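Remarks on the structure that follows.
Coordinate-derived values only; no laboratory data. Just so it is clear, the structure is predicted and the values come from calculations on it, not from any experiment. Positions of Cβ are generated from backbone atoms using ideal geometry, with glycine treated the same way; all protein chains shown enter the neighbour counts.
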Amino acid sequence: MPLQNIGQTHITAAQITDFDKALDDLMAIASAITINLTDEERSRYGSINEKNKLFVNGVLDYATNQSDLKSPDVDWVEFQKDYDDRKFADTRADRIENLLRMVTDFKIVHDYDNYQNALTDYDYTKYKANTSIPGFAEKQAYLRQFFPNTQSNTPPPAE
């Protein structure tokens, strides 16, 4: 028998309100600081890989620790701001991915519970459909469409 009701923790109306408010606040902040790239722009600018991040880190390290070796053609104040913004975005993206995983796991256990209980109800409906209680045969006929590869209770036609 499958586990029943593994999603024992349920969200309250107050928690939903707080969660949505926090998301609204985050969306407002992100909207004020981000650029909405097109798919083509995302592809063109891309994301630097780990090797190139190490390259950027090395250039910054040299600029910080051996400033006589840095190029005068680079706006180093802007470089540092870009670096700090990238670092901020990178660490927050990790946290948001963790949050997404948590919300998805929350959804999965409740989806599982709903589906298992729906199967239990369907089994009960199939049992009651063989009685004279009105409504169960119609309910079974409706729900049967979600199981197209199962055999129906009607015998095959005689040849």
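A few remarks follow.
- Axial C-alpha extent at least 27 Å, average Kyte-Doolittle at least -1.0 - helices from the chain (DSSP): 13-33
- Here's the picture: charge each Lys and Arg Cβ at +1 and each Asp and Glu Cβ at -1 in the chain, and of Gly7, Leu23, Gln66 the one pushed furthest to the positive end of that dipole is Gly7.
- Cα-based shape type of the stretch 13-144, given that a ≥ b ≥ c are square roots of the gyration tensor eigenvalues and the cut on a/c is 1.5: prolate
- Net charge of the neighbourhood of Lys53, taken over other residues with C-beta under 11 Å away and scored Lys/Arg +1, Asp/Glu -1, is +1.
- Sequence-distant residues sharing a close amide H with Gly7 (under 5 Å, placed H): Asp113
- Among the lysines of the chain, pairs at least eight places apart or on separate chains and with Cα atoms under 21 Å apart come to 10.
- Given charges at beta-carbon only (K, R positive; D, E negative), |dipole| of the chain in Debye: 660 debye
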